[in-house]
Amino acid sequence: MQQPFFTKQFPIVLENSGKVDLERIESYIAADGYQALYHVLREMTPAEVVDAITRSGLRGRGGAGYPTGVKWATVAKAKGDRKFVICNADEGDPGAFMDRSVLESDPHRVLEGMAIAAYAIGANQGYIYIRAEYPIAINRLQIAIRQAQRLGLLGSNIFDSPFDFKIDIRIGAGAYV
């Protein structure tokens, strides 16, 4: 039964939840997964990606809702030889499971988003920091990373482009501060 509260809502971040086989990258690809990454690498400059994200109005999922385009533009302009993309999946608030929900239900979406961000800002390395209390999310991320590497969607020369991007997982003990 559909509840009235939910009838006006539609999932964005969790739109693939329950629709894709979580342990088969082919299922994610069949749902148009990695098409956005292909598009940006083949048809857009990093500056065009930052501009598109800025114009979209996309905001972070944290409490401040910080504009993603502003963040990406700032990092893209920053001086330095190495830049990183960090996915902070360490939910410090008691009872908060939004990061874990995304990582458990659609890990490839997170990897694809990190790769797009990396291309836009000029990074070649990403890290996912996740608490040890989320073993299902960790396992699904490990599988997703291996599959994406196997198909050349992470690593060197992604989609036969000069773009290289690697993602590593860092597991933390978790704490509420």
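The values are calculated or read from the model by the stated rules, or taken from the named source; none is laboratory data. Only a predicted model underlies this, so the values are computations on that prediction, with no experimental measurement involved. Here the Cβ is made from the backbone with ideal geometry for all residues, glycine too, and neighbour counts use every protein chain on show.
Output the residues belonging to the stretch 39-64 that are without any contact (Cβ under 8 Å) to a residue 24 or more places away in the chain and part of a loop (DSSP other than H, G, I, E, B). Outline the logic, then answer.
Residues of the stretch 39-64 that are without any contact (Cβ under 8 Å) to a residue 24 or more places away in the chain, as a first pass: 39, 43-45, 48, 51-52, 54-60, 62-64.
Result: M44, T45, G57, L58, G60, G62, G63, A64.
For the stretch 1-24: of the residues being farther than 30 Å from K83 by Cβ and either in a helix (DSSP H, G or I) or polar (S, T, N, Q) (or both), which is modelled with the highest pLDDT?
Per the stated criteria, the residue is P4.
Mind checking whether some residue in the stretch 154-166 is loosely packed, with under 14 Cβ neighbours inside 10 Å, more than 19 Å from A78 (Cβ to Cβ) and either of a type in the set (V, I, T) or within 15 Å of the chain's Cα centre (by Cα) (or both)?
No, there is no match, as no residue in the stretch 154-166 is loosely packed, with under 14 Cβ neighbours inside 10 Å, more than 19 Å from A78 (Cβ to Cβ) and either of a type in the set (V, I, T) or within 15 Å of the chain's Cα centre (by Cα) (or both).
Looking at R150, is it over 25 Å from A76 (Cβ atoms) and among the charged types (D, E, K, R)? If you could, list the steps in order and put the result at the bottom.
Numbers: over 25 Å from A76 (Cβ atoms): yes; among the charged types (D, E, K, R): yes.
So R150 passes the test.
Looking at the stretch 99-139, which of the residues that are modelled with pLDDT of 95 or more, assigned to a loop (DSSP other than H, G, I, E, B) and touching a strand residue (DSSP E or B) at 6+ places or on another chain (Cβ under 9 Å) is surrounded by the most Cβ atoms within 10 Å (Cβ to Cβ)?
A123
Take the stretch 83-95 and flag every residue that is at pLDDT below 95 and either out of contact with any strand residue (DSSP E or B) (no Cβ under 6 Å at 6 or more places or on another chain) or acidic (D, E) (or both).
Once the filter is applied, which keeps residues that are at pLDDT below 95 and either out of contact with any strand residue (DSSP E or B) (no Cβ under 6 Å at 6 or more places or on another chain) or acidic (D, E) (or both), the stretch 83-95 yields D90, E91, G92, D93, P94, G95.
Please enumerate the residues belonging to the stretch 146-166 that are part of a helix (DSSP H, G or I), within 16 Å of A117 (Cβ to Cβ) and touching a strand residue (DSSP E or B) at 6+ places or on another chain (Cβ under 7 Å).
I158
Has the stretch 25-38 got any residue that is among the acidic types (D, E), at pLDDT 95 or above, surrounded by fewer than 17 Cβ atoms within 10 Å (Cβ to Cβ) and assigned to a helix (DSSP H, G or I)?
We begin by selecting, within the stretch 25-38, every residue among the acidic types (D, E); these are 26, 32.
Next cut, at pLDDT 95 or above only: none.
Within the stretch 25-38, none of the residues are among the acidic types (D, E), at pLDDT 95 or above, surrounded by fewer than 17 Cβ atoms within 10 Å (Cβ to Cβ) and assigned to a helix (DSSP H, G or I).
Please indicate, with yes or no, whether at least one residue in the stretch 83-96 is within 22 Å of L41 (Cα to Cα), charged (D, E, K, R) and outside any helix (DSSP H, G or I).
Residues of the stretch 83-96 that are within 22 Å of L41 (Cα to Cα), as a first pass: 83-87.
Imposing the further condition that a residue be charged (D, E, K, R) reduces the set to 83.
Among the residues that remain, those that are also outside any helix (DSSP H, G or I) are: 83.
Checked the stretch 83-96: at least one residue is within 22 Å of L41 (Cα to Cα), charged (D, E, K, R) and outside any helix (DSSP H, G or I).
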